[in-house]
Amino acid sequence: MRWSERQQAMLRQMGLRVWPAALPGAAVAPERTAARAPRPQAGVSANPAPATGTPRAVPPAGMPRLAPTAGTVGTVGTAGEVPTPGARADLAGLDWDALRQAVANCRACGLCASRTQTVFGAGHPQARWMVVGEAPGEAEDRQGEPFVGPAGQLLDRMLAALALTRSSDGAAAPAQRVYIANTLKCRPPRNRNPSAEEMALCEPFLVRQIELLQPRLILAMGRFAVQALLRSDEPVGRLRGRVHRYQGVPLVVTYHPAYLLRNPADKARAWDDLCLAAQVAEDAAVASGPA
Ligand code: URA
């Protein structure tokens with residue numbers, strides 16, 4: 001599969017060069033192919049084989065590339081452990097519709113007074129990837145869907161570069177489906193940071209979403225997602241580049257897209273994180289066999 005013009009443009013926008021030597025019809029330098037290429041996800045376009053003439057992304061000059069080995073560290077819980085941290089007993093049996101309704105009815109914290117509506121989540125209910133962000137912003141509060149503002153547009157382009165989609169229409173293959181949720185389901189006024197109390201009160205909804213989805217891979221974007229899922233105050237920069245676990249599910253940490261809009265130099269690292277996540281998702285798919 002070849003990257004479309006749009007995907008190549010997105011990689012350029014993220015600060016990643018599309019290696020001209022690997023463009024269709026061009027000769028490929030073998031030693032650079034082996035040393036610099038991001039790890040692929042089977043069937044998607046992260047790093048198709050050079051023989052197909054597909055372009056590949058390489059980090060900007062001088063940008064260190066992490067070894068994309070999916071070592072498992074930072075384990076937080078294991079599959080089957082009970083109770084799940086942050087779970088609420090009354091949500092345990094809820095299906096997607098009932099959970100969405102419970103979120104819509106929630107008045108547990110003061111954010112219910114200023115919200116236009118709750119923002120539950122978006123994506124395929126059997127997605128293999130789960131992306132977790134922080135909280136709805138103005139556009140999300142208005143539309144009722146996560147990541148629809150400028151940060152969301154960057155997120156969609158990043159996902160599209162790996163042939164991933166939040167679409168729930170069933171057209172995408174299972175491995176390409178993404179579900180997107182936030183740690184908070186309501187917008188904090190003026191987009192201020194979530195408080196510890198708001199995070200704690202809202203966490204059971206995210207916990208139940210993860211239980212229902214049973215993702216093969218969680219991508220935690222930004223420090224509030226990290227705090228909720230890993231119970232860690234470590235900076236994102238110190239937690240990214242390796243594989244953590246949430247209740248047995250592999251979890252990769254990366255920068256929040258809003259941060260990337262303010263700090264474009266870190267887009268190359270975010271791309272590395274996505275490639276690591278793609279590799280982990282592929283490994284999980286191989287381990288569990290055909291869905
Ligand atoms: N930032 C987030 O973390 N979530 C959104 O839904 C929008 C912006």
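The values are calculated or read from the model by the stated rules, or taken from the named source; none is laboratory data. Because the structure is predicted, anything quoted here is derived from the model rather than measured. Quick reminder, even Gly has a Cβ in these numbers, built from the backbone with ideal geometry, and neighbours come from all protein chains shown. Areas reflect the complete protein model, heavy atoms only, side chains present, ligands, DNA and RNA absent. Shrake-Rupley method; radii C 1.70, N 1.55, O 1.52, S 1.80 Å.
Note down the accessible area of Val249, probe 1.4 Å, to the nearest 10 Å².
20
Relative contact order of the range 87-288, please, whole-number percent, based on alpha carbon pairs below 8 angstrom and at least 6 residues apart.
24
If ligands, DNA and RNA are left out, what is the accessible area of Asp169 with a 1.4 Å probe, given in Å² to the nearest 10?
Looks like 110 Å² after rounding.
Kindly report, to the nearest 10 Å², the accessible surface of Glu234 as traced by a 1.4 Å probe over protein heavy atoms only.
Around 70 Å² of this residue is reachable by solvent.
Where a ≥ b ≥ c are the square roots of the eigenvalues of the C-alpha gyration tensor, would you call the range 171-291 rounded, which needs a/c under 1.5, or, failing that, prolate if a/b is larger than b/c, or oblate?
Cα axes put the range 171-291 in the oblate bin.
Could you point to the residue in Ala278, His124, Ala258 farthest towards the positive end of the range 87-288's charge dipole, with +1 and -1 charges on the Cβ of Lys/Arg and Asp/Glu respectively?
Ala258
Please give the length that would be gained between Gln214 and Gln143 if that part of the chain were fully extended, namely 0.36 nm times their separation in residues minus their C-alpha to C-alpha distance (nm, one decimal).
22.9 nm
Along the Cα→Cβ direction, 7 angstrom out, place labels at Asp95 and Ala200. What is the inter-label distance in nm?
Reported label-point gap for Asp95 and Ala200 is 3.4 nm.
Report the label-to-label distance for Cys112 and Ser288 in nanometres (one decimal), using points 7 Å from each Cα along the Cα→Cβ vector.
The answer from the label model is 3.4 nm.
Please compute the modelled spin-label separation between Gln126 and Ala171, points set 7 Å along Cα→Cβ, answer in nm with one decimal.
1.9
Would you work out the charge dipole size for the range 116-250 about its Cα centre, treating the Cβ of every Lys and Arg as +1 and the Cβ of every Asp and Glu as -1, and quote it to the nearest 20 debye? Don't skip to the answer; put the middle values down first.
Details: 17 positive and 13 negative charges, 86 e Å.
Here the range 116-250 has a charge dipole of around 420 debye.
Indicate, rounded to the nearest 5 percent, the antiparallel portion of the DSSP beta bridges found entirely in the range 87-288.
Just about 30 percent of them are antiparallel.
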